[in-house]
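Down below is the structure, laid out as structure tokens.
The values are calculated or read from the model by the stated rules, or taken from the named source; none is laboratory data. This one's a predicted model, so the numbers in the text were calculated from it and none came from an experiment. For neighbour counting, all protein chains shown are included, and Cβ atoms are generated from backbone atoms with ideal geometry for every residue, glycine included.
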Amino acid sequence: MKKKKITFLILIIGLIASTILIYDKYYPSPSLSKISIGDRITVWTVTIILLIYYVSSNSKPQLVPSVLTNEKETSREKDKSNVSFNDVAGLEEIKEELQETIDFINNSSKYRKMGAKIPKGILFYGPPGTGKTLLAKAVAGETNSTFLYASGSEFVEKYVGVGAKRVRTLFERAKKEAPSIIFIDEIDAIGTKRNLDSNNEKDQTLNQLLVEMDGFNTDETVIIIGATNRLDLLDEALLRPGRFDRHIYVGNPNMKAREKILQVHTKNKPLDKTIDIVDIAKKTHGLSGAELANIANEAAIIAVRNNKSKISIDHFDAAIERVLAGLEVKNPTVLLKEKKTVSVHEAGHAIVSKILKTDLVQKISIVPRGQALGYVLKFPDEDRYLFTKQELMNKISGLLAGRAAEQLIFNEITTGAKDDLDKATHIAKEMVCSYGMSSLGPMAMDEQHIKHNYDILRIEIKKILDKGYKDALKILEENKDILNHVANTLMEKEIIDNEELDAIFKIYENPFDCAT
């Protein structure tokens, strides 16, 4: 743009000078008589050339869309990752699995002597925030390879052929800068299953990706790493050996892993001596690495907000509540009647969960956070991977206990149980459709079966939910005094911790566990 302006300015000066010289030819002026005919011709020639250049640059036809003429490379500039496995905490098994690939890149000759081929592709799949991108960067850092990052959406365009061209450009770059690692994040954006209704441009892009992955020269050390949250959406041709040879599940960390992740994210933070990382790891069951990093950061922000020089356990507890329950509502305008209802509702959750021992109740609160007027913070005493049918029934009873408490005390129900009903229905649906824990027997159903047998499944799901609700109501009827005591304490104090809840239970006789 700057060059164009300068050319235009020179052209204007040339046109003015040429006009003066032409005028002088017909009406001579003594002051211009010294200018020779050769100089005059030079000025006229330069002006004509500038005029032709300027006109042609402005009227240059654009026969293709700008997205094609100004095609940018899908990959970033050459980048050496500075992340190593020391920066990745809590994924020891996966790091051990990747060591083989790293060794192949660093010492490829010894593998080739044995006739072994380097894995062409590694696919990380699992929930969001578990460290898939970080692992890919760490592999590049450990091998000192060029790290080429691309998002799946970068290859998606409405113009036919653009996505395929971008795939070719990315792989050509990777081959030139080998050893290199191509990382395609959210690969399901281009790798979804092909069918008759699918987009033609997407199919061409996927076909080009399949060809590039299958056509690697064996002398070039190029590895493609993909990441997705939805493995079930990917095309089978993409998942076969020879393309993505290894599928690695990156799930939410267990307690030991959470402890290591928290240590990494708190090593540069001034912690109070009373903080026990193990205790925080227990309270954050089911959270991803990204959420743990967020909690550590939120705790530091809260400490600064309170003008403290060190981060205490109270700051971490507040951060956990902020992440799990949402932002605390200041000066809430909750009616007294609604506050009483919320107190009974949350007390019902806490009492049934404690009696059935589904989870450890950490805190009960009727301080509004986010869209919730109250909440119960619960966490299991240990990581669990298998659940019995009765344990799942107990979870459903705990979720429906809030509504059961409203029914018992007020003989009325409210809209406050919406989230509880969603979670309870999801568990019941999984019991029927995935776990074979209903009267339909040991069978699992996919989406097509569910769609065509919805009425039968709905009856089975309703049976499970009705039983869970009935059990919750029965437990609360047996422990109505405790329910009223906890609700009244919440009305007065708004927050009850696990020690206060234990003290209330001790006042009364041991409640009778009537779950069947």
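When every residue of the range 330-352 is checked against the conditions, at least one turns out to be among the hydrophobic types (A, V, I, L, M, F, W, C), within 25 Å of residue 407 (Cβ to Cβ), in contact with an Asp or Glu (Cβ under 9 Å, 6 or more places away or on another chain) and assigned to a helix (DSSP H, G or I). Residues in the range 329-368 that are free of Cβ contacts under 8 Å to residues at least 60 places away in the same chain and within 26 Å of residue 278 (Cα to Cα): 353, 357, 358, 359. Selection of the range 282-330 for residues being charged (D, E, K, R), under 23 Å from the mean Cα position of the chain (by Cα) and more than 21 Å from residue 382 (Cα to Cα) yields 298, 322. A search for C-beta distances below 6 Å between a residue of the range 489-509 that is more than 17 Å from residue 365 (Cβ to Cβ) and any residue that is part of a helix (DSSP H, G or I) and of a type outside the set (D, E, K, R), counting only pairs 6+ apart in sequence or on different chains, returns 508/482.
Out of the residues in the range 485-505 that are in a helix (DSSP H, G or I) and β-branched (Val, Ile, Thr), which is surrounded by the fewest Cβ atoms within 10 Å (Cβ to Cβ)? Show your work before the answer.
If we filter the range 485-505 for residues that are in a helix (DSSP H, G or I), which is where we start, we get 485-493, 498-505.
Filter again for β-branched (Val, Ile, Thr), leaving 486, 489, 504.
Details: 486: 26, 489: 19, 504: 17.
Applying the filter and picking the extreme gives 504.
In this structure, does residue 450 turn out to be surrounded by 16 or more Cβ atoms within 10 Å (Cβ to Cβ) and outside any loop (DSSP other than H, G, I, E, B)? Break it down stepwise before answering.
Working: surrounded by 16 or more Cβ atoms within 10 Å (Cβ to Cβ): no; outside any loop (DSSP other than H, G, I, E, B): yes.
Answer is no for this residue.
Provide a single number: the residues in the range 385-431 that are within 30 Å of residue 442 (Cβ to Cβ) and not hydrophobic (A, V, I, L, M, F, W, C). Give the steps one after another, and end with the answer.
Going through the range 385-431, the residues within 30 Å of residue 442 (Cβ to Cβ) turn out to be 385-401, 420-431.
Next, only the ones that are not hydrophobic (A, V, I, L, M, F, W, C) stay: 385, 388-391, 394-395, 397-398, 420, 422-423, 425-426, 429-430.
Total satisfying the criteria: 16.
Just to verify a result, which residue in the range 354-401, among those that are small (Gly, Ala, Ser) and within 30 Å of the chain's Cα centre (by Cα), is surrounded by the most Cβ atoms within 10 Å (Cβ to Cβ)? By that ranking, first place goes to 398. Screening residue 131 on (1) at negative phi; (2) modelled with pLDDT of 85 or more shows it passes everything except condition (1).
Could you pull out the residue among 235, 279 that is in contact with a helix residue (DSSP H, G or I) (Cβ under 9 Å, 6 or more places away or on another chain) and closer than 23 Å to residue 88 by Cα? Talk me through it step by step, then tell me what you get.
Values: 235 fails: closer than 23 Å to residue 88 by Cα.
Going through 235, 279 in turn, just one is in contact with a helix residue (DSSP H, G or I) (Cβ under 9 Å, 6 or more places away or on another chain) and closer than 23 Å to residue 88 by Cα: 279.
Taking the conditions (1) part of a loop (DSSP other than H, G, I, E, B); (2) touching a helix residue (DSSP H, G or I) at 6+ places or on another chain (Cβ under 6 Å); (3) at pLDDT 75 or above in turn, residue 104 satisfies each one other than (1). Restricting attention to the range 22-29, does a residue exist that is modelled with pLDDT under 80 and polar (S, T, N, Q)? Yes: one or more hits. Applying the criterion of being closer than 26 Å to residue 138 by Cα and surrounded by 24 or more Cβ atoms within 10 Å (Cβ to Cβ) to the residues of the range 191-221, the residue that is modelled with the lowest pLDDT is 191.
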